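Here's the structure, in structure tokens; my notes come after.
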């Protein structure tokens with residue numbers, strides 16, 4: 001109702017940004033804690049893997065905000081380009097992976113969590129299917145594919161082949177797991 005009536009602007013005016021962010025942070029902490037409490041203990045690694053793409057997206061956001069705040073690229077070199085990746089790499093920061101994980105991170109989080117649960121439960125066919133779905137999404141450019149804009153990275157909708165191939169290889173390994181794994 002708040003969004004439909006236009007009253008959100010009044011709430012935004014009345015509630016300081018800092019207080020609103022504190023509330024959002026608290027909600028995030030409660031949700032994360034609840035994820036660990038309500039999930040079976042053996043599935044905790046799946047919860048962690050499900051959180052990682054979001055954390056990577058946040059890290060990419062912070063890095064890009066820092067680049068913008070430093071006014072990097074105001075001169076002849078554009079800020080958001082392959083050159084920026086090389087500058088990060090010179091500092092031993094491999095930001096390309098964070099930029100790739102940022103694109104479609106909600107899909108990636110769900111897939112990695114489900115894939116990890118399938119592995120923990122030794123349902124390798126399910127894990128292979130989840131890997132296959134990630135491979136297809138990567139090949140379609142819905143996850144991990146980005147392009148440069150003047151002041152950001154954006155979803156590209158072009159194939160992210162290195163990710164698609166990696167997910168496909170994971171799927172093949174999971175399909176072969178029947179012969180590779182020793183039952184307890």
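Values in this text are rule-based calculations from the coordinates and carry no lab data. For clarity, every value in this text was computed on a predicted model and none was experimentally measured. Glycine gets a Cβ as well: all are built from the backbone with ideal geometry, and neighbour counts include every protein chain shown.
So how far apart, in nm, are the two label points at residue 32 and residue 61 if each is 7 Å from Cα heading toward Cβ?
About 1.3 nm separates the two model spin labels.
Considering only 147, 41, 68, give the residue with the highest GNM mean-square fluctuation for the chain, with springs between Cα atoms whenever their separation is below 10 Å.
Judging by the Gaussian network model, the answer is 41.
In a Gaussian network model over the chain where Cα atoms closer than 10 Å are linked, find which of 38, 102, 121 has the largest mean-square fluctuation.
Residue with maximal mean-square fluctuation among 38, 102, 121: 38.
To the nearest 10 degrees, how steeply does helix 17-38 sit against the main Cα axis of the chain, on a 0 to 90 scale?
For helix 17-38, the angle is close to 10 degrees.
Could you check the spin-label model distance between residue 13 and residue 89? Points 7 Å from the Cα along Cα→Cβ, value in nm.
Distance between label points: 5.1 nm.
Could you tell me how many cubic angstrom of Cα convex hull volume the chain has per residue?
Looking at the chain, the number lands at 179 Å³ per residue.
If you fit an axis through the alpha-carbon atoms of helix 44-69 and take the longest principal axis of the Cα set of the chain, what angle between them do you get, 0 to 90°, nearest 10?
The angle comes out near 30 degrees.
Just subtract the alpha-carbon distance of residue 181 and residue 154 from 0.36 nm times their residue separation and send over the number in nm, one decimal.
Full extension from residue 181 to residue 154 adds 5.7 nm.
Can you give the calculated 222 nm mean residue ellipticity of the chain, where each DSSP H run of n ≥ 4 adds -39,500 (n - 2.57) and the sum is split over every residue, rounded to the nearest 500 deg cm²/dmol?
Using -39500 (n - 2.57) per qualifying helix, the result is -22500 deg cm²/dmol.
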